[in-house]
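Everything on this sheet refers to the single structure shown next.
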Amino acid sequence: MANMTLTKTPMPEQDPKVRARNFKEVTLGYTPEMAIEEANRCLGCKNPKCVEGCPVNVRIPEFIKKVQEGDFKAAYEIIASTNALPALSGRVCPQETQCECKCVRGIKGEPVAIGRLERFVADWYLENVNEIPKKVEPNGVKVAVVGSGPAGLTCASDLAKMGYQVTIFEALHTAGGVLVYGIPEFRLPKAIVANEVTKLEAQGVEVMTNMVIGRVLTIDELFEMGYKAVFVGSGAGLPMFMNIPGEALKGVMSANEYLTRTNLMKAYTEEADTPVIQSKAVAVVGGGNVAMDAARCAMRLGAENVYIVYRRGEAEMPARLEEQHHAKEEGIQFKTLCNPVEILGDETGRVCGIKCIRMELGEPDASGRRRPIAIPGSEFVLDVDTVIMSLGTSPNPLIRSTTPGLDTNRKGCLIVDENEMTTREGVFAGGDAVTGAATVILAMGAGKKGAAAIHEFLQK
Amino acid sequence: MYKIVRKKELNSSVTLMDIEAPFVAKKAKAGQFIIFRVDEMGERVPLTIAGYDREAGTVTIIFQKVGFSTNALGALNEGDYIRDFVGPLGKPTPVEGKKKVCVVGGGVGCAIALPSARGFKEAGAEVTVIVGFRNKDIVILEEEFKEVADHFIMMTDDGSYGRHGLVTQPLQELLEQGEQFDEVLAIGPVPMMKFVCKTTEPFGVHTSVSLNPIMIDGTGMCGGCRVTVGGETKFACVDGPEFDGHKVDFAELMSRNGTYREREAEVNNTHTCRIESMGKALIQ
């Protein structure tokens, strides 16, 4: 009997006041009872639109049916057949613009909480089964994967399942890419990422950290070493700045730097040697998910006032609604329709304020969003001691500049054909390195497609 | 994990180590740097490469024990391992095509000036080396420099060894005598590099400096190492570490290098060694 409640079964969360000061996960996940209750809201459509909305085509109604039956292991196996990293995507996917926005239940009321169910199933499996995948009979063909973010991990996983001998080359000292340096612990516990990497290693994937491809080895040298194909999933890690006066002051940094110090280097713990600035008042410039992450980290690191400074309106903010909502609950103050014009410093060269100008929205621009226009004479100063620039990132030029014949577009993104192959034979690419900064799930989709394309290429 | 295969104290605060890192050793070039991390909770610390042995698969680093992490590294011995060692990062010194070069090293900066001096020499240049130290006790690598230098000038601040004075003095004299250097490369403390640039500027001699600002990843990701060069923002880790010294905003660099100074002082005053506190916890 279907549950016809119009709203999603709520998921327990840490109280905003409490969680704003700790790094533990914000949302706590469904209990089995809650999961079954929510699963019963699914009508099991014959022609499921939700599956089309999913970049990796998770067989959504099928897994939800197993949840209804209480057979969570079977549910996991259905998800895992197309999605290598369900515990991740259940947490960080923008379901509201993908699977859930296609759900018929969403026409009247809220859609089925597909993301929460996916997360529940993945977490249940991790806790109760966590079967280490069996190593497939190796086919002896070596494939190199550059980068261990969502694209690289997914690609490596799919290739390993087909018997390829995969080596992942990671530039940093820990595998996971943006999943470990960028997304904070309170949104995606690092133990989950580490578990996925352990599973890959059990499948025979070799993970080499501290390997900056383009410097220590070039793509051409990988081929000389016997790799028959290369997948480049090196992401989009280069931070942008505004080029306004005062950006070199002490206390101005990129969101990448702030998040890396906090997450990857664990600066939020007592034990870590890496320092992070102790701020009282922080302005985070930008309106994306990364801006929300940086602002929420600042709050957790003890800041009294944290502002999001964004030049367009709230409706235009690219961050997920859920992230905006969580940030506001935690006391982050939104200064929308404001654009920084100058960062002010004290006599010691430290930030003491940020001068902003108020904006209004004009006609839509090329991105389809209404263009922000400065209101003359509306400047004001926010008293802050830290400014975090979260204006977006672009792909790292290290690989393209050291690989002859690898073409990129104007923005530095690698150009690929419909089979994810770059302009170099045997070199495939996917994720942010191709699209520019996007989502975890799109990168996973690209990694998956890349693995299939590499398999096809190597069959020839 | 990366093994320390050799350790040598060069003076009371400067240590040399050969680290087993075959991939890095194979590719390293003068002017490039590595990042090390002592243990799981350690910082990522950049150090310019002081040498390498491609056959043995080792990379030489020379460092001064100035902060928490360099002291932690200095406390390790031959046969010990460090958690991470990544490189080579940054662009190498462009050593090719120079006829006459002057390499100026200051203090522990001499450690990284040496491979560049050797690089220039091997590429066919006539190399003048000027090195400066506070006093005789902390002089390092004198013999090594003498081997690669066509002209070698030793300076000490207090006159206890070599000539009395700063490195800029003989440089100024040489330039005034009409010495035509294609390139001056200065590596050392930021004020020293700044004054070398001031010295060469009136003579219009191209002068490079090797910068070592605060950074995390060393691959262009964090932007912490940004420096202003000729009015443009550059990342020392990928655009450098060597830049045209006449265009570098040294005042900004010095200020930015002090971002965590207060916190570091605090840590040095109050820090009890992690192992010590772990030991205490075990006893309790």
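The values are calculated or read from the model by the stated rules, or taken from the named source; none is laboratory data. This structure is a prediction, so every number in the text was calculated from the model and none was measured. Cβ: placed from backbone, ideal geometry, glycine included. Neighbour counts: every protein chain shown. The area values use the complete protein model at the heavy-atom level, side chains included, leaving out ligands, DNA and RNA. Shrake-Rupley method; radii C 1.70, N 1.55, O 1.52, S 1.80 Å.
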message: Suppose each label sits 7 Å from its Cα in the direction of the beta carbon; what would the A:Asn3-A:Asp383 distance come out to in nanometres?
response: 4.9
statement: For A:Glu13, other-chain or 5+-apart residues with amide H closer than 5 Å (H placed, Pro excluded) are A:Leu28
message: Through the Karplus equation 6.51 cos²θ - 1.76 cosθ + 1.60, θ set to phi - 60°, convert the phi angles of segment A:412-428 into ³J(HN,Hα) values in whole Hz; use x for Gly and Pro.
response: x, 7, 5, 8, 10, 8, 5, 9, 6, 8, 6, 6, 10, 3, x, 9, 10
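Using the per-residue mean of other Cβ atoms lying within 10 Å as a proxy for protection, in what order, highest first, do the peptides A:251-259, B:47-55 fall? Kindly include the intermediate steps, with their values, before the conclusion.
Numbers: A:251-259: 26.2, B:47-55: 20.3.
Top of the packing list down: A:251-259, B:47-55.
From the Cα trace of chain B, what convex hull volume per residue do you get, rounded to a whole Å³? Numbers along the way, then the final one.
Working: hull volume 38.8 nm³, N = 284.
Once divided by residue count, the hull of chain B is 137 Å³.
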statement: Of the residues A:Pro189, A:Thr218, A:Met208, the Cα lying farthest along the dipole of segment A:162-220 towards its positive end, which is defined by charges on the beta carbon of Lys, Arg, Asp and Glu, belongs to A:Pro189
message: Taking θ = phi - 60°, what integer Hz values does the Karplus form 6.51 cos²θ - 1.76 cosθ + 1.60 yield along segment A:86-101, in sequence order, with x for Gly and Pro?
response: x, 5, 7, 5, x, 9, 10, 5, x, 4, 4, 10, 10, 4, 5, 6
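When the solvent-accessible surface of protein heavy atoms is calculated with a 1.4 angstrom probe, in what order do A:Cys45, A:Cys297 fall, highest first?
Values: A:Cys45 50, A:Cys297 0 Å².
Putting A:Cys45, A:Cys297 in descending order of accessible area: A:Cys45, A:Cys297.
Once fully extended, how much extra length lies between A:Ile132 and A:Cys45, figured as 0.36 nm per residue of separation less the alpha-carbon to alpha-carbon distance?
On the way: separation 87, 0.36 × 87 = 31.32 nm, distance 3.29 nm.
Value of the extension gain: 28.0 nm.
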field: Selection from A:Met240, A:Thr348, A:Leu442 lying farthest towards where the dipole of chain A points positive, charges on Cβ
entry: A:Leu442
query: Could you give the nm distance between label points at A:Asp220 and B:Glu96, where each point is 7 Å from its Cα heading toward the beta carbon?
result: 1.3
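Find, among the GluC sites (Glu not before Pro) in segment A:274-363, those assigned to loop by DSSP (not H, G, I, E, B) with at most 12 other beta-carbon atoms within 10 angstrom. List each step's numbers first, then the result.
Details: sites: A:Glu304, A:Glu314, A:Glu316, A:Glu322, A:Glu323, A:Glu329, A:Glu330, A:Glu342, A:Glu347, A:Glu360; in loops: A:Glu304, A:Glu330, A:Glu347.
Passing both the DSSP loop test and the Cβ count: A:Glu304, A:Glu347.
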field: Per-residue HN-Hα couplings for segment A:334-347 [Karplus 6.51, -1.76, 1.60; θ = phi - 60°; Hz; x = Gly/Pro]
entry: 8, 10, 8, 6, 9, 10, x, 10, 7, 9, 9, x, 8, 5
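Tell me the volume per residue, in Å³, of the convex hull enclosing the alpha carbons of segment A:235-367.
Details: hull volume 17.3 nm³, N = 133.
Spread over its residues, the Cα hull of segment A:235-367 gives 130 Å³ apiece.
If I take R0 = 35 Å and measure r between the Cβ atoms of B:Glu78 and B:Met254 in this structure, what FRET efficiency does the formula 1/(1 + (r/R0)^6) give, to the nearest 0.05? Mind dumping the intermediate values first?
Numbers: r = 36 Å, r/R0 = 1.03.
The pair B:Glu78/B:Met254 has a calculated efficiency of 0.45.
Quantify how strongly other chains surround peptide A:254-261 by giving the mean number of their Cβ atoms within 10 Å of each of its Cβ atoms. If you can, show how the numbers build up before the last one.
Numbers: counts 5, 2, 7, 10, 2, 1, 6, 4.
The shielding value for this peptide is 5.
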Of A:Asn128, A:Phe169, A:Leu117, farthest towards positive along the dipole that unit charges on Lys, Arg, Asp, Glu beta carbons give chain A: A:Leu117
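Any idea what the dipole of chain A comes to, in debye rounded to 20, about its Cα centre with Lys/Arg Cβ at +1 and Asp/Glu Cβ at -1?
Working: 51 positive and 57 negative charges, 132 e Å.
Taking the Cα centre of chain A as origin, the dipole is about 640 debye.
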task: With a bin width of 5 angstrom, please list the P(r) values of segment A:18-105 as percents of all Cα-Cα pairs, from the 0 bin to the one holding the largest distance.
output: 3, 14, 21, 25, 21, 8, 5, 3, 0, 0
- request: Once every Cα of segment B:142-213 carries one equal point scatterer and solvent is ignored, give the base-10 log of I(q)/I(0) from the Debye formula at q = 0.14, 0.15, 0.26 Å⁻¹, two decimals.
  value: -0.47, -0.54, -1.38
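Starting from the Kirkwood radius over alpha-carbon pairs of the protein assembly as shown, derive D by Stokes-Einstein at 10 °C in a medium of 1.306 mPa s and give it in µm² s⁻¹.
On the way: Rh = 27.8 Å.
Taking Rh from Cα pairs, D becomes 57 µm²/s.
With all distinct Cα pairs included, what does the Kirkwood hydrodynamic radius of segment B:102-169 come out to in Å, to one decimal, could you say? Walk me through the intermediate numbers first.
Numbers: mean 1/r = 0.0859 Å⁻¹.
Over segment B:102-169, the inverse of the mean reciprocal pair distance is 11.6 Å.
Work out the mean other chain Cβ neighbour count within 10 Å for the residues of A:271-279 and drop it here as an integer.
Numbers: counts 5, 4, 15, 9, 10, 2, 3, 3, 0.
Counting Cβ atoms of other protein chains within 10 Å of each residue's Cβ and averaging gives 6.
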- request: For segment A:291-410, list log₁₀ I(q)/I(0) at each q in 0.10 Å⁻¹, using the Debye formula over Cα point scatterers of equal strength and ignoring solvent, two decimals each.
  value: -0.42
- line: Expected integer from the mean partner chain Cβ neighbour count at 10 Å over B:38-48 is 3
